[in-house]
Structure formats: C-alpha cells, structure tokens
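Asks: My structure is below; once you've seen it, I'll send some questions.
The values are calculated or read from the model by the stated rules, or taken from the named source; none is laboratory data. Not measured: the values here are computed from a predicted model. Note: ideal-geometry Cβ built from the backbone for every residue, glycine included; neighbour counts use all protein chains shown.
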Amino acid sequence: MSSVPVFAAHDVEAAVSPERAVEVVRDAFIAYARGEWSMPSKVYVPAYPAGDFRAMPALGGGYALLKWVTSFPGNPELGLPTVTGLVLVSDASNGMPVAVLDAGAVTALRTGAAAVLAAETLGREDAESAAVIGAGVNGRAAARTFLARGRPVSIWDIDLDRAETFAVELGAEVAESRHAALAADLVVTVTPGHEVLFPEGSLLPGQHASLMGADGPGKAEISVEELGRVRVFCDDWEQASHNGDLVHAVEAGVVGRDDVTQLGDVLAGNAAGRASTGEITVFDSTGLAIQDLTVGIEVVNRYRAGIGEGSFSSVQEIDIG
C-alpha cells in the first residue's frame, strides 16, 4: 500500500508563485512544440445550458496527468465556484498515482500564466498599460500575474463592487470603464464568453489581446470579422480551431491553419511573433493539459524536496493499492 498526497487549493497556491507559474508554463509550451510532451484531445461532456465537464490528459516530464474539471458559469450566483474538479498526476514509468490536486487552483495558476506569457511574448516592447476584463478567479489570477511580473494592471468587471474588492485585495486599479480597459496596450479577457467584446474594427494598432474566456462550444469574445483582420496566435491549433474563438472564423472560412501561429512555436524559435510595432496580435487560449501537468509537476517536486515545507502543513495523504 502507498500514500498519495492531496493538495487543496491553498496548498497549490502556496507552492507555486505566479512568477514560477509563468516559467514552467513557458517550458511546457516549448516541450510540446518540440514533440517532447504529448496531449491527446480534450473531451467535452456537455451538461448544457448549465455548463460542461472536461477530461484532459497529458504526458511529459516523466509524469502523466488527467484533469477532470467543470465550467458552470452560473455557479457564482449560487455561491459556488465556476471551475471545480480534480487533477490526478501519475508516475509515467510505472503508472502509480503520485498526487491529487485541486483543479480550480491549478487552472487559475496556469490560466494567469498563459495569458501574461502570451502578452509578454506577443505584445509591443514599449507596451505600457495592461487590463484584465473579468474579476472572477481566473481574471484575478491574470491580474496577480501581471503584478508579479512588475506590470501595473487595471481591472474591469460587469460587477463593479467585485472589481473594486479584488483591485484593493491585489493592489491593482479599477478601470474607468469597460471601454478604457479594452483600449489598454495589453488586454486579457476572462469572461464567460457569452458576449463579443471585440467587434469588427475595435482593436487598435499595436494592441495585444489574450482571449481566455471562450474555451468551449458556443462561446466567443471576439467577432469573426475582427479575427480576420488581425495576426492570430493560439495555444494549440487542433483544440482552438474546434472549441475556441477560432472555431467561428474557421467555420466561416475567414481563418485557416496557415493564418494561425501556435504560441509554443514562437517560444521554441520555430515561428515568428509580432512583426511590427503597429501589428495587432490576438492569442486564442482554450487551456491545455500540458499547462496543468507542468504546474502539477512543480507542486510534486517541491513537496518531495521539502521546499517551503510550512506551505504543505495541511496536506493530507490517502492510502491506495
């Protein structure tokens, strides 16, 4: 019989800082681009109109992962989290489970990391202002990551009280308006994806937008027409072209595979990023299991090495086998 540690949300948050999350997520993108890590297709189990369940596998770095996670946008009105579930990490050499982690915390960490990593990679070198649209758990993670990277950020949310509360908590600013937030040099959108935030002609020369909310069927944060006039990047073509903002433009014949660059290819040096100061760049994110895997591995490694031991004082271990 062996014991497996179970990491609650606060354990995950204490183990991996936003700065470290950016580093390991970058490494995962590069490993995946080089074919060193693998990621079978994400499986959606619809429970519409309430939400959906998702099963996400990945293999790399000596470990395998399965993430069982939900997206139920109406949950906050019921006092429940939008995203919940479990991340299971196993040893790839023998199949034995090595950790169970809170999926919501892992998702928030890697979502914030991916959003800011894309903004730093694809945004203008002289970009000054940054804004996050959506003050939910993942929006807060993105804002926290910007701040951890030394960049001031403003927050806007349809619920002004929530935006103000989180801004005070994080040491950020509240945007004067949604329009002002959407005009920032670097914009991260983390909304339920039920409303188009960027209609045709709305993005400004030199802007970058990381679109993190439209990660499932029927969702969109940008119009098809706007995608057709900007430089488009994504986390993974196969996934984004079927379940992200991209799917609508692909179905309309406005965007094809040759029009989209994967972020990992840019980070690995296999593809070019921003071509000019005035170019408009958009990153379509659907969330990858390799990102969850790299965060999970980091937690496991720190736990085994006894790094930040006090951070794991509440970790419980369960017996299996």
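Asks: Please pick out the residue among T294, T277 that is surrounded by fewer than 17 Cβ atoms within 10 Å (Cβ to Cβ), of a type outside the set (A, V, I, L, M) and either assigned to a strand (DSSP E or B) or touching a Lys or Arg at 6+ places or on another chain (Cβ under 9 Å) (or both).
Replies: Just a single option satisfies the conditions, and that option is T277.
Asks: Another question about this same structure. Kindly provide the set of residues from region 130-157 that are touching a strand residue (DSSP E or B) at 6+ places or on another chain (Cβ under 9 Å) and either surrounded by fewer than 17 Cβ atoms within 10 Å (Cβ to Cβ) or among the basic types (K, R) (or both), ordered by number.
Replies: Hits for region 130-157 are R140, R151, P152.
Asks: Condition first: among the aliphatic types (A, V, I, L, M) and either touching a strand residue (DSSP E or B) at 6+ places or on another chain (Cβ under 7 Å) or surrounded by 15 or more Cβ atoms within 10 Å (Cβ to Cβ) (or both). Now tell me which residues in region 68-93 satisfy that. Step through it out loud before you land on a result.
Replies: Residues of region 68-93 among the aliphatic types (A, V, I, L, M): 69, 78, 80, 83, 86-89, 92.
Once the filter is applied, which keeps residues that are among the aliphatic types (A, V, I, L, M) and either touching a strand residue (DSSP E or B) at 6+ places or on another chain (Cβ under 7 Å) or surrounded by 15 or more Cβ atoms within 10 Å (Cβ to Cβ) (or both), region 68-93 yields V69, V83, L86, V87, L88, V89, A92.
Asks: Testing E169 on (1) farther than 25 Å from F29 by Cβ; (2) surrounded by fewer than 21 Cβ atoms within 10 Å (Cβ to Cβ); (3) in contact with a Ser or Thr (Cβ under 7 Å, 6 or more places away or on another chain), one condition comes back false. Which one is that?
Replies: (3)
Asks: Tell me which of these A272 doesn't satisfy, since it passes every other one: (1) buried (at least 24 other Cβ atoms within 10 Å of the Cβ); (2) among the hydrophobic types (A, V, I, L, M, F, W, C); (3) over 23 Å from K42 (Cβ atoms).
Replies: It fails just one condition, (1).
Asks: Of T165, T189, which residue is under 16 Å from the mean Cα position of the chain (by Cα), in the same structural domain as G278 (by TED's automatic domain parsing), hydroxyl-bearing (S, T, Y) and modelled with pLDDT of 95 or more?
Replies: Values: T165 fails: under 16 Å from the mean Cα position of the chain (by Cα).
So the residue among T165, T189 that is under 16 Å from the mean Cα position of the chain (by Cα), in the same structural domain as G278 (by TED's automatic domain parsing), hydroxyl-bearing (S, T, Y) and modelled with pLDDT of 95 or more is T189.
Asks: Based on what the data block shows, is A183 at pLDDT 95 or above and crowded, with 23+ Cβ neighbours inside 10 Å?
Replies: no
Asks: Return the only residue of G171, G134, G150 being over 19 Å from G206 (Cα atoms) and without any contact (Cβ under 8 Å) to a residue 24 or more places away in the chain.
Replies: G150
Asks: Assuming A130 fulfils every condition listed in (1) among the small types (G, A, S); (2) on the phi < 0 side of the Ramachandran plot; (3) within 15 Å of the chain's Cα centre (by Cα) apart from one, which condition is it?
Replies: Looking at each condition in turn, A130 falls short on (3).
Asks: For L117, indicate whether it is over 19 Å from D284 (Cβ atoms) and either of a type in the set (G, A, S) or in a helix (DSSP H, G or I) (or both).
Replies: no
Asks: Name the residues in region 70-103 that are of a type in the set (G, A, S) and at pLDDT below 95, would you? First the steps, then the outcome.
Replies: The initial filter retains those residues of region 70-103 that are of a type in the set (G, A, S), namely 71, 74, 79, 85, 90, 92-93, 95, 99, 103.
Result: S71, G74, G79.
Asks: Please work out which residue is farthest from V87 (Cα to Cα), limiting yourself to region 3-54 and to residues that are touching a helix residue (DSSP H, G or I) at 6+ places or on another chain (Cβ under 9 Å) and part of a strand (DSSP E or B).
Replies: Looking at the filtered set, the residue picked out is G51.
Asks: Also: From the list D27, D52, pick out the single residue that is touching a Ser or Thr at 6+ places or on another chain (Cβ under 6 Å), in contact (Cβ under 8 Å) with a residue 60 or more places away in the chain and more than 18 Å from L101 (Cα to Cα). Talk me through it step by step, then tell me what you get.
Replies: On the way: D27 fails: touching a Ser or Thr at 6+ places or on another chain (Cβ under 6 Å).
The conditions single out D52.
Asks: Exactly one condition in (1) within 17 Å of the chain's Cα centre (by Cα); (2) hydrophobic (A, V, I, L, M, F, W, C); (3) closer than 25 Å to F29 by Cβ is false for A135; which is it?
Replies: All conditions pass for A135, except number (3).
Asks: Among the residues of region 75-114, which ones are under 26 Å from A268 (Cα atoms) and either touching a Cys at 6+ places or on another chain (Cβ under 9 Å) or assigned to a loop (DSSP other than H, G, I, E, B) (or both)?
Replies: A92, the sole residue that qualifies.
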